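The values are calculated or read from the model by the stated rules, or taken from the named source; none is laboratory data. Here the structure is a predicted model, which means the values were calculated and not measured. All Cβ positions, glycine included, derive from the backbone under ideal geometry; neighbour counts span all protein chains shown. Surface accessibility is based on the protein's heavy atoms, side chains included, excluding ligands, DNA and RNA. Shrake-Rupley method; radii C 1.70, N 1.55, O 1.52, S 1.80 Å.
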Amino acid sequence: MTSLERPVPPATSQAAPARAPRPGGLAAWARRGGPSTLLIALPMILCFGLFSWFPIARAVVMSVQYTNLVAAPEFVGLENFTYVLSDPLLPVAVRNTLYFAVLALLFGYPVPLLAAVAMSEVRRARGLFAALAYLPVVVPPVVAVLLWKTFYSGADTGVFNTIAGWVGAGPFPWLQDPDWAMPSLVLEATWAAAGGTVIIYLAALTGVPPELYDAAEVDGAGIWRKIWHVTLPQLRPVLFITLILQIIGTSQVFTEPYLFTGGGPANSTTTILLMIYNYAFGGRGDYGAATALSLLLAVVLAILSAIYFRTTKRWSTT
């Protein structure tokens, strides 16, 4: 006896009807919760628009005007940019800014990393060391600069000269000498800003898998080989971000030159931001030239940032 086979329906060439697309438009956006999302984001949008985007747009407009914010502005086109670029003090300010940035990278960039690695190896009182490292960040910048300014006294009784005298060195002129002034500013800036970066590195070190260090110890690696082959590769994305942030920050240095030396001695600490301040508030009242130089600096930093992220995109992930 044979079993009956269920007949197979003939295949049809017609495809199943496609699902109707979801209706779009304003009504669909409202049903998906668009108004509530916009309402939540509206305060942030207004804050960014008022305090970030509007000043940028206003600066672009002022850069092509001659204005002192009192009289009616006068449209001058690219005259402000020509005036700024022909200023004989601009090459000096650019050179000083680059000098500060290079010194800050040489001394200020590795110090937080070394401090964070050393703290991560401490088994006890790690929180105390982290708090002490972050303490300079809590001190107001103006207070810190004025305090260090007394330390930098060129007299034999100055704090730093007294310490140097204990080892038979000095006295040093510090802020009074063009060759010593910029390294003195970098030393204070490194002390003031390193604590925040130390905290970032300590947080990143908690994400390094402990088994990598265990494997390195099994292979007989010492502390320096573990740092080079384990710690630094694991922190590579964070290191690249902090590097570009430090480059941007050092290119906009203003507080230290303004409060320590006012750009002296002999313009040895005049930076680009100090020039911008002098254009606007140093007696000239030329806000058009100040905004023009600000835009030029912003464009240069944007180009450097784009090149940096383009060239390090693969390095930071491999």
*So what J values fall out for region 293-299 if you push phi through Karplus, 6.51 cos²θ - 1.76 cosθ + 1.60 with θ = phi - 60°, rounded to Hz, Gly and Pro as x?*
5, 4, 5, 4, 5, 5, 5
*When only DSSP loop residues count, what trypsin sites (Lys or Arg not before Pro) in region 81-153 have their Cβ near at most 15 other Cβ atoms within 10 Å?*
Arg123, Arg124
*Treating the beta-carbon of each Lys and Arg as +1 and of each Asp and Glu as -1, no other charges, what is the dipole magnitude of region 169-250 about its Cα centre, to the nearest 20 debye?*
160 debye
_Share of carbon and sulfur in the accessible heavy-atom surface of region 106-202 [1.4 Å probe, %]_ = 73 percent
*Can you work out the base-10 log of I(q)/I(0) for region 194-268 at q = 0.20, 0.22, 0.23, 0.28 1/Å, using the Debye formula on its C-alpha atoms alone?*
-0.89, -0.99, -1.04, -1.23
*Most fluctuating residue given options Gly77, Gly34, Gly127, as computed from a GNM of the chain linking Cα atoms under 10 Å*: Gly34
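Within the set of other residues whose C-beta is less than 15 Å from the C-beta of Leu187, count the net charge using Lys and Arg as +1 and Asp and Glu as -1.
Working: positive: Lys149; negative: Asp177, Asp179, Glu188, Glu256.
Local net charge: -3.
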*Per 5 Å bin, what is the whole-percent P(r) computed from every C-alpha pair distance within region 185-311?*
2, 9, 14, 14, 14, 13, 10, 8, 6, 5, 3, 2, 1, 0
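How big is the Cα convex hull of the chain in projection, averaged over all directions, in nm²?
The number I arrive at for the chain is 35.7 nm².
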_Between Arg31 and Val70, what is the label-point separation in nm under the 7 Å Cα-to-beta-carbon projection?_
6.3 nm
*Could you check which residue among Val218, Val117, Val61 shows the biggest mean-square fluctuation in a GNM of the chain with a 10 Å Cα cutoff?*
Val218
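How high is the FRET efficiency between Ala59 and Leu245 when r is their beta carbon distance and R₀ equals 22 Å, given to the nearest 0.05? Write out the running numbers ahead of the final one.
Working: r = 22 Å, r/R0 = 1.00.
With a Förster radius of 22 Å, E is 0.50.
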*asked:* Placing +1 on the Cβ of each Lys and Arg and -1 on the Cβ of each Asp and Glu in the chain, which of Thr206, Pro110, Val84 has its Cα farthest towards the positive end of the resulting dipole?
replied: Thr206
*Considering only the other residues whose Cβ falls under 9 Å of the Cβ of Ser268, what net charge follows from Lys and Arg at +1 and Asp and Glu at -1?*
-2
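Using a probe of 1.4 angstrom, how much of the accessible area of region 249-301 is carbon and sulfur, in percent? Please list the in-between numbers first.
Details: 1130 of 1910 Å².
Accessible surface attributable to carbon and sulfur in region 249-301 totals 59 percent.
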*May I ask which residue of Phe309, Ala93, Ala131 lies farthest towards the positive end of the charge dipole of the chain, with charges of +1 (Lys, Arg) and -1 (Asp, Glu) on Cβ and the Cα centre as origin?*
Phe309
*Once you've got the GNM for the chain with C-alpha springs shorter than 10 Å, pick whichever of Met62, Met275, Met119 has the biggest mean-square fluctuation.*
Met119
_List the residues, sorted by chain then number, that are 5 or more residues from Gln65 or on another chain and whose placed amide H is less than 5 Å from its amide H._
Val76
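Around Leu205, what is the net charge, scoring Lys/Arg as +1 and Asp/Glu as -1 over all other residues with Cβ under 15 Å from its Cβ? Write down the numbers at each step before the final one.
On the way: positive: Arg123, Arg126, Lys226, Arg236; negative: Glu121, Glu211.
Taking every Cβ under 15 Å from that of Leu205, the sum is +2.
Considering only DSSP states other than H, G, I, E and B, which trypsin sites (Lys or Arg not before Pro) in region 237-318 qualify as loop sites with at most 10 other Cβ atoms within 10 Å? Could you put the intermediate results ahead of the total?
Values: sites: Arg284, Arg310, Lys313, Arg314; in loops: Arg284, Lys313, Arg314.
Counting only loop positions with at most 10 other Cβ atoms within 10 Å, the trypsin sites (Lys or Arg not before Pro) in region 237-318 are Arg314.
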*Between region 281-296 and region 142-159, the Cα center-to-center distance that results, in Å*: 31 Å
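Size of the dipole of the chain about the Cα centre, Lys and Arg at +1 and Asp and Glu at -1 on the beta carbon, nothing else charged, in debye to 20? Please report the intermediate quantities before stating the final value.
Numbers: 18 positive and 15 negative charges, 285 e Å.
Charge dipole of the chain: 1360 debye, to the nearest 20.
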*Taking only protein heavy atoms and a 1.4 Å probe, what accessible area per residue, in Å², does the chain have with all protein chains in place?*
64 Å²
